[in-house]
Amino acid sequence: MRNSKRFITPKFQEVEIVHREDVTADLMKLWVEKPDGFQFKPGQYCTIGLNGVERAYSIVSAPHEENLELFVELVHPPDGVFTPMIWDTVVGDKVTCRFKPKGIFILNNQLTNHFLIATVTGIVPYISMIRDYIHKNEDKNFKFFIAHGASYIDEFVYDLELEGYAKKYPDLVQYFPTISRPNESKNVSWIGLKGRVNDFTQSMINDLNLTNQDTVIYVCGHPGMIENVKEKLNPQGFKVVEERFWK
Ligand SMILES: Cc1cc2nc3c(=O)[nH]c(=O)nc-3n(C[C@H](O)[C@H](O)[C@H](O)COP(=O)(O)OP(=O)(O)OC[C@H]3O[C@@H](n4cnc5c(N)ncnc54)[C@H](O)[C@@H]3O)c2cc1C
C-alpha cells in the first residue's frame, strides 16, 4: 500500500496521480488517490486542485474502488484554466483533493426505472451508480436505461463497459449511444443511432413504456441538452434531475 499522501490543510490533502489514460487528444481518464477517510455516494463529485486552482469532477469509480477515477475533457486556453494544467501532469505528480465529496445528483431509490441521459463526460456519474449497484448485488428491481450522445465515436469511452453490462445483465442495463455528426469521416464505421441524444428521449420513453410514475430522468452534460430534455419532459410530469458541468 503506497503512502505518498501529504496533509496540507484541514480542507484538502495532497494526493498522487496513480494512473492516466489519454483516450483522445481532448479526453483523458485519470486515477488519483483518495484523501484519508474520503467516502462518497455514487453520483457525487470531488474537488481537485493544482497550482492553487480547484475544479469539481464527478467521480467515475464506485465507492468500493481503491482510487478516484475521473474522466476529464480538455478546455483549450484561453477558456480553460485548470484542464490545460492537468494535461501537463504525469503519473506520480500530486494534486489536491478536498476531504469532502459533494453533490446531490445521486440515485433516487423511490422509483425503479432510471433513465440516464448524458453527453460525452456527462456519463461519469452514471458509471459510478451502475458499478456500485452491480458490486453490491442490489436486488431492488432497478432498471438503468442509458442514452449517451457524442459528436464522434471515440468520445463514448465507457461504451465497452456499458455494452458488457447490457449483455451480462439485460434486465438491468440497456445502453443507447448516438452520434450527432454521422457524416464526418471519423464516424464512417458507425452503424448505431444517429442524431442528438435529446431528440431520442421522447421515442425512447414511448418504446420502453416509461411513465412518470415509475421513472426518474437524469440529465448530465451539455447545458443545451439539459434544457431541451427538461422542456420536453417536465410538462409531462416526469421528475427530471440534473447535473451541470458548466453553464
Ligand atoms: C458538479 C460538477 C462536476 C463536474 N464534473 C466534470 C467531469 O466529470 N469531467 C469534466 O471534464 N468536467 C467536469 N466538470 C467541469 C470542471 O469542473 C471544469 O469546469 C472543466 O474541467 C474545465 O476546467 P477549466 O479550468 O479548464 O475551465 P473553466 O475555467 O472551468 O471553464 C471555462 C469555460 O469552459 C467551458 N467549459 C467547461 N467545461 C467544459 C466542457 N467539459 N466542455 C465544453 N466547455 C466547457 C465553460 O463555458 C466555462 O465557462 C464538472 C463541473 C461541475 C460543476
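Quick notes
- Residue-by-residue Karplus 3J(HN,Hα) for segment 152-166, coefficients 6.51, -1.76, 1.60, Hz, glycine and proline x: 10, 5, 6, 8, 6, 6, 9, 5, 5, 4, 5, 5, x, 5, 4
- If R0 equals 22 Å, the separation of the Cβ atoms of residue 172 and residue 203 corresponds to a calculated FRET efficiency of about 0.50.
- Rounded to two decimals, the Cα-based Rg/Rh of segment 6-98, with Kirkwood Rh, is 0.93.
- Kirkwood Rh and Cα Rg combined as Rg/Rh, the chain: 0.97
- The C-alpha atoms of the chain define a longest principal axis, and helix 124-135 lies at about 80 degrees to it.
- Here the sum of -39500 (n - 2.57) over DSSP H runs of 4 or more residues, divided by the residues of the chain, equals -5500 deg cm²/dmol at 222 nm, to the nearest 500.
- Between segment 140-205 and segment 58-132, the Cα center-to-center distance that results, in Å: 19
- For residue 75, neighbours were defined as the other residues whose beta-carbon sits under 12 Å from its Cβ, and their charges (Lys and Arg +1, Asp and Glu -1) total -2.
- Sequentially through segment 15-29, phi angles give Karplus couplings (6.51, -1.76, 1.60; θ = phi - 60°) of 10, 9, 6, 9, 7, 8, 10, 8, 8, 9, 5, 10, 10, 9, 9 Hz, Gly and Pro residues having no value and appearing as x.
- Computed with a 1.4 Å probe over protein heavy atoms only, the accessible area of residue 19 comes to about 80 Å².
- Shape call, segment 113-244: gyration tensor on alpha carbons, a/c limit 1.5: oblate
- Computed over neighbours whose Cβ is under 12 Å from that of residue 106, the net charge equals 0, Lys and Arg +1, Asp and Glu -1.
- Placing pseudo-labels 7 Å out from each Cα toward the beta carbon at residue 104 and residue 21 gives an inter-label distance of 3.4 nm.
- A Gaussian network model of the chain, with springs between Cα atoms under 10 Å, assigns the largest mean-square fluctuation among 221, 237, 43 to 237.
- Net +/- balance of residues flanking residue 131 in space, Cβ distance below 11 Å, scoring K and R +1, D and E -1: -3
- 0 to 90° range, to nearest 10: angle between helix 223-233 axis and the chain longest Cα axis: 30
- Cα-based values for segment 38-78, radius of gyration first and Dmax second, are 11.7, 37 Å.
- Above-threshold pairs, the threshold being 18 Å between Cα atoms, out of 29/194; 34/140; 41/247; 29/167; 102/230; 41/100: 29/194; 34/140; 41/247; 29/167; 102/230
- Subtracting the Cα-Cα distance of residue 89 and residue 134 from 0.36 nm times their residue separation leaves 13.0 nm of extension gain.
The values are calculated or read from the model by the stated rules, or taken from the named source; none is laboratory data. Please read these numbers as outputs of a predicted model, since none were measured by experiment. Using ideal geometry, Cβ is built from the backbone for each residue, glycine included, and neighbour counts are taken over all protein chains shown. When the accessible area is computed, the model is the full protein with side chains, heavy atoms only, and any ligands, DNA or RNA have been set aside. Shrake-Rupley method; radii C 1.70, N 1.55, O 1.52, S 1.80 Å.
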